[in-house]
Amino acid sequence: MRKSYILLLSLLGLLSCSNNSNNSEYVLNYDIVTPYTNADTWTAYNAFNDNLLDKVTHIYKKDTSTSDGANTKSNLGAIWTQATYWNMAMNAYKRAVKEGDAAKQTQYKQLVDDIFEGSKNHYVNFNWHDQNFENGWFIYDDIMWWTISTANAYALFKDEKYLDLADESFCRVWYGSYSLKDRGSYDSVNGGMFWKWNNSDPADKSDHAKMACINFPTVVAAMNLYNGISPSDTKHQKDDTIGFDGNGNYPRWHSRDTYLKNAKDIYAWAVDNLFDKSTGNVADSRTDNSVDWTATIYNQATFIGASCLLYKATGDNTYLTNAVTAATYATKTMSAPYDILPFKDGEEQGIYTAIFAQYMALLVYDCGQTQFLPWIQRTINYGWNNRDKRNLTGKDYTKAPGSNTSCYDASGIPALMVLFPSDK
């Protein structure tokens with residue numbers, strides 16, 4: 001029998017209630033809404049693609065009002081979010097394999113290929129040194145999200161083209177660009193990763209910020225590479241010394257062992273500077289000596305993912321303790337008053353749940369922390385029960401989305417459903 005908690009309800013739905021900071025009595029009756037089924041998962045994910053994946057360019061459109069053939073920055077989902085949508089397709093393929101459904105395996109493998117080719121064609125052939133404003137690269141974390149996904153693709157399909165892209169994008173962020181001559185994201189003196197590169201105005205200090213959204217994704221990317229590369233891979237026995245364009249200051253890949261070292265080093269800095277071990281709050285950023293402790297679900301997510309991946313690789317329980325503490329903060333503090341995943345206003349913030357799904361699955365299934373599963377299922381149930389006639393969901397899971405639904409807002413519930421099978 002599922003664990004039940006106490007929450008004030010009305011016949012029409014949940015009522016708002018004050019947040020108990022001690023989290024001692026807070027929670028819910030998990031059976032208040034109809035549970036989703038495994039068949040619902042495919043309905044939700046296919047609806048997301050039918051309404052928001054451009055049938056011409058195979059890139060996700062900004063919203064459902066955008067016509068197919070979208071090819072400008074203004075009418076497409078943000079460049080960094082496309083990598084997460086690609087991860088969703090890979091997760092759908094893996095789910096189809098697990099279910100033994102050959103037709104779905106073919107369908108979603110084709111989807112994985114289509115999204116990759118569409119993104120490659122649009123985003124300057126994945127030339128990480130092209131900062132074309134319309135469809136190029138201009139912030140470190142935009143690249144690192146793609147490093148995560150290309151490393152995932154290599155681990156899943158063992159296609160060398162994905163490993164080459166993951167290697168090169170990671171090192172481009174770490175060291176900077178051989179052509180643009182930015183100083184790279186990694187701070188070799190003080191530790192941590194800068195968020196923004198600056199190769200034009202030395203007086204501009206905006207690149208001093210070290211954001212959670214580059215530090216923890218860097219750990220995840222490094223660990224994905226470490227896990228995906230075989231120990232017998234001769235190329236990855238040592239770091240590249242030739243470098244981009246023959247410049248040894250800008251290596252094209254790290255050794256497998258160096259990726260693990262990179263992950264441990266950045267994680268250690270980021271835990272000391274961006275994580276409150278007593279509460280589980282992951283900070284947004286550190287700028288010089290000032291810390292912004294604003295918590296967001298996607299930063300909690302990548303911290304959880306980084307912690308789980310290091311725990312699995314090392315067996316060090318400190319990493320697992322950190323992951324559980326951060327997940328508990330998300331469930332008991334950030335999820336009040338409804339005890340479902342929260343949302344914030346802001347155009348791109350609807351995708352935070354899709355990112356959270358990726359790393360909570362690691363914590364729940366790979367690390368055995370199933371105490372979080374009822375809360376995740378509750379979020380899915382609320383979102384799915386508030387779907388619209390198109391079978392789309394929004395980022396506020398207590399109500400149906402508006403008629404013009406963004407790719408960000410519609411992604412969260414399908415991403416959760418693909419990774420968290422129903423009991424039915």
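The values are calculated or read from the model by the stated rules, or taken from the named source; none is laboratory data. If you're wondering where the values come from, they're calculated on a predicted model, not measured in any experiment. Ideal geometry is used to build each Cβ from the backbone, glycine not excepted, and the neighbour counts take in all protein chains shown.
Just a few scattered comments:
- Of residues in region 100-129 being within 30 Å of Ser185 (Cα to Cα) and among the β-branched types (Val, Ile, Thr), the one surrounded by the fewest Cβ atoms within 10 Å (Cβ to Cβ): Val124
- Screening Phe372, Phe356 for residues that are buried (at least 20 other Cβ atoms within 10 Å of the Cβ) and in contact with a helix residue (DSSP H, G or I) (Cβ under 7 Å, 6 or more places away or on another chain) leaves exactly one candidate, Phe356.
- Condition check for Val97: without any contact (Cβ under 8 Å) to a residue 12 or more places away in the chain and surrounded by fewer than 21 Cβ atoms within 10 Å (Cβ to Cβ): yes
- Only one of the listed residues (Gly305, Gly280) is closer than 30 Å to Gly77 by Cα, under 19 Å from the mean Cα position of the chain (by Cα), of a type outside the set (Lys, Arg) and at pLDDT 95 or above. That residue is Gly305.
- In region 338-352, the condition of being of a type in the set (Lys, Arg), under 18 Å from the mean Cα position of the chain (by Cα) and surrounded by fewer than 24 Cβ atoms within 10 Å (Cβ to Cβ) is met by at least one residue.
- Any hit, region 210-229, residues being of a type outside the set (S, T, N, Q), surrounded by fewer than 17 Cβ atoms within 10 Å (Cβ to Cβ) and in contact (Cβ under 8 Å) with a residue 40 or more places away in the chain: no
- Residue check, Thr150 among the polar types (S, T, N, Q) and buried (at least 18 other Cβ atoms within 10 Å of the Cβ): yes
- Residue check for Ala70: part of a loop (DSSP other than H, G, I, E, B), at negative phi and at pLDDT 95 or above: yes
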